[in-house]
Amino acid sequence: MVAVVVKSPRRLKASSSDPSSAVTEEEYHDWYDNDHVPLRIPTSAFQYWSRWVAVDAQKPAYFALYDVTDIAVVNQPPDREKDILSRIGLIDRRVYEKVNVPVRPRKGDAYHVRSLGPFVSPVLVHVPPEFEQDFNNWYNEEHIELLLKAPQWVRTTRYVYKEGGASGIDESLKPKKVPKYLALHEWTDPSFMEAEEFKKAVATPWIKQVTQYSTAFDRQFFKLHRSWERK
């Protein structure tokens, strides 16, 4: 899974993961929900963590967003984690920095990152440097403006990749290159894909131009599995 980690109000950390044939789904969820996150909750670095499960057939099947002030806390696994991580198919952790989006969320300023979901669609895009200005203009001037017309839209948050790394025994799941841009589109329910407003947003001449010069354009769709917050 890609894990997203937030180190400050402008930093986001994301993680994608997927169990391998050597790790059952039951063992994977038991480890993640009952060991991996709970063991970190008592630390002062822990702030918030949410887990998501894919509702499409794409891999990796699991996605996490987390807010910790010190990533070293996450990277110091106890004994059980060492065993799971030696057998897991993929764990891909990345740090992102937030990009200002000139569109307010539907719920206004009161809508907080800790009220995520219940559905999120991460979109990863990489474009050549000479097209970055056009890409950002498209996102901020057209794409989000059209998406917000869909009644199921809640918020779009954009990020730029800063650092990260992937490990695991399934080489086919490891990214060959990490796209520079991440957008998290939040929705109230999956019906947004059938909304006329959404269909128009993904069929404009400008988005067709963007997809032509993009060297990566990947999208997945997840529903909220569980979240934790520091008390």
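Tabulated data for the structure shown
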quantity: Calculated FRET value between Asp70 and Glu97, using beta carbons and R₀ = 22 Å, to 0.05; calculated: 0.80
quantity: Distance in nm between pseudo-label sites at Asp56 and Thr188 (7 Å out along the Cβ direction from Cα); calculated: 2.3 nm
quantity: Under-5 Å amide H pairs with Arg226, H placed in peptide plane, nonlocal only; calculated: Arg51
quantity: Qualifying trypsin sites (Lys or Arg not before Pro) in segment 120-218, DSSP loop, other Cβ atoms within 10 Å at most 14; calculated: Lys149, Lys176, Lys177
quantity: Estimated distance in nm for a label pair at Glu81 and Leu224, the labels positioned 7 Å out from Cα along Cα-to-Cβ; calculated: 2.4 nm
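Throughout, read-outs are computed from the coordinates displayed, never taken from laboratory work. Source: prediction; values computed, not measured. Please note: Cβ atoms are built from the backbone with ideal geometry, for glycine as well, and neighbour counts cover all protein chains shown.
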